[in-house]
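Colleague: A single structure is presented below for examination.
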Amino acid sequence: MISGSVLLIGAGGLGCGAALALAAEGVARLTVVDDDVVDESNLHRQILHDAASIGAPKVESLARELGRRHPGMQVTPHRGRFEAATAAQLLVDHDVLVDGSDNLATKFLANDAAVLLRKPLVHAAAVGTGGQLLTVPAGGRPCYRCLFEELPPAGADAPSCAEAGVLGPVPGVLGALSAVEAVRLLRGQTPGFAGRLIRYDSPSLTMRTIRFRRNPLCRVCGDRPNITSIDQSAYTAEECT
Ligand SMILES: [Zn+2]
């Protein structure tokens, strides 16, 4: 068993891949946050859910399946969004945050909450036939916002709810890689993806690394940060249809 705990956002394709790998690695405690229910159209990529779970909350389905396979692991389902009002309260009790959400508002919130609480964050995103990974060390420097700066305004042409158009196995691959990184962090090893944006492309089977540095103007980990607490109005959630 690996002592320590992971807070996982998302029980969809990325979250299922991450949770399965974390369990297989022997992580002692996992809390998973998601507000959605299992749909038949999810099953090809959300590998911990099955036909019998259609209509059930994804966090319950995931916890049940992990419990069956790994009874020694403590899995806590948290049904609801990862949202500004409760982000800090959820995160404070965990060692590592893994973001397997499918919308940008949650990704910015996860980054800011992790930096402010000085918890390491493993970010994963799946889009189309590929996706990306990066790690934000405890306290940032650099963080996700050093690279992507601002949440695009609502309605802007940004990939939201991207997982809906994702090729089946892709989020599982990215989720598993995010779990490998989370285990490194739990073991106190140097993170593999800090200051590196890893871009995965499945058709060409390539991983491209884009190195980036701390942005001195970053609003949360720069020289003069102006995000010093979680402002609930700053993260507008996008609705998936
Ligand atoms: Zn930053």
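Colleague: Would you list the helices (runs of 4 or more DSSP H) that sit entirely within region 1-96 and hold 2 or more residues that are open to solvent by 10 Å² or more (accessible area, probe 1.4 Å), out of contact with any Asp or Glu (no Cβ under 6 Å at 6 or more places or on another chain) and closer than 27 Å to T236 by Cα?
Modeller: On the way: elements: 13-25, 58-69, 84-91.
Here the list reads 84-91.
Colleague: Another one. Please indicate, with yes or no, whether at least one residue in region 98-107 is outside any loop (DSSP other than H, G, I, E, B) and in contact with a Cys (Cβ under 7 Å, 6 or more places away or on another chain). Even if it seems obvious, please write down each step before you answer.
Modeller: Going residue by residue through region 98-107, those that are outside any loop (DSSP other than H, G, I, E, B) are 98-99, 104-107.
Restricting the remaining residues to those that are in contact with a Cys (Cβ under 7 Å, 6 or more places away or on another chain) gives none.
Checked region 98-107: no residue is outside any loop (DSSP other than H, G, I, E, B) and in contact with a Cys (Cβ under 7 Å, 6 or more places away or on another chain).
Colleague: How many of the residues making up region 191-208 are in a strand (DSSP E or B) and surrounded by 14 or more Cβ atoms within 10 Å (Cβ to Cβ)?
Modeller: Restricting attention to region 191-208, the residues satisfying the condition of being in a strand (DSSP E or B) are 194, 196-201, 206-208.
If we keep only those that are surrounded by 14 or more Cβ atoms within 10 Å (Cβ to Cβ) too, we end up with 194, 196-201.
Result for region 191-208: 7.
Colleague: Right, next: Return the total of residues in region 209-241 being open to solvent by 80 Å² or more (accessible area, probe 1.4 Å) and small (G, A, S).
Modeller: Total meeting the criteria: 1.
Colleague: Okay, moving on. Counting only residues that are farther than 30 Å from A28 by Cα and either open to solvent by less than 30 Å² (accessible area, probe 1.4 Å) or at pLDDT 95 or above (or both), how many does region 167-190 have?
Modeller: 0
Colleague: If you go through region 207-229 one residue at a time, how many are within 16 Å of N111 (Cα to Cα) and away from the ligand (no atom under 15 Å from the Cβ)?
Modeller: Residues in region 207-229 being within 16 Å of N111 (Cα to Cα) and away from the ligand (no atom under 15 Å from the Cβ): 1 in total.
Colleague: Turning to a different aspect of this structure: Kindly provide the set of residues from region 195-228 that are in contact with an Asp or Glu (Cβ under 9 Å, 6 or more places away or on another chain) and not β-branched (V, I, T), ordered by number.
Modeller: Just the residues of region 195-228 that are in contact with an Asp or Glu (Cβ under 9 Å, 6 or more places away or on another chain), to begin with: 207-208, 215-220, 227.
Listed by number, the residues that qualify are M207, R208, N215, P216, L217, C218, R219.
The values are calculated or read from the model by the stated rules, or taken from the named source; none is laboratory data. Remember, it's a predicted structure, so these values are computed and weren't measured experimentally. Methodologically, a virtual Cβ is constructed for each residue, glycine included, from the backbone with ideal geometry; neighbour enumeration extends over all protein chains shown. We work out accessible area using only protein heavy atoms, side chains counted, and drop any ligands, DNA or RNA first. Shrake-Rupley method; radii C 1.70, N 1.55, O 1.52, S 1.80 Å.
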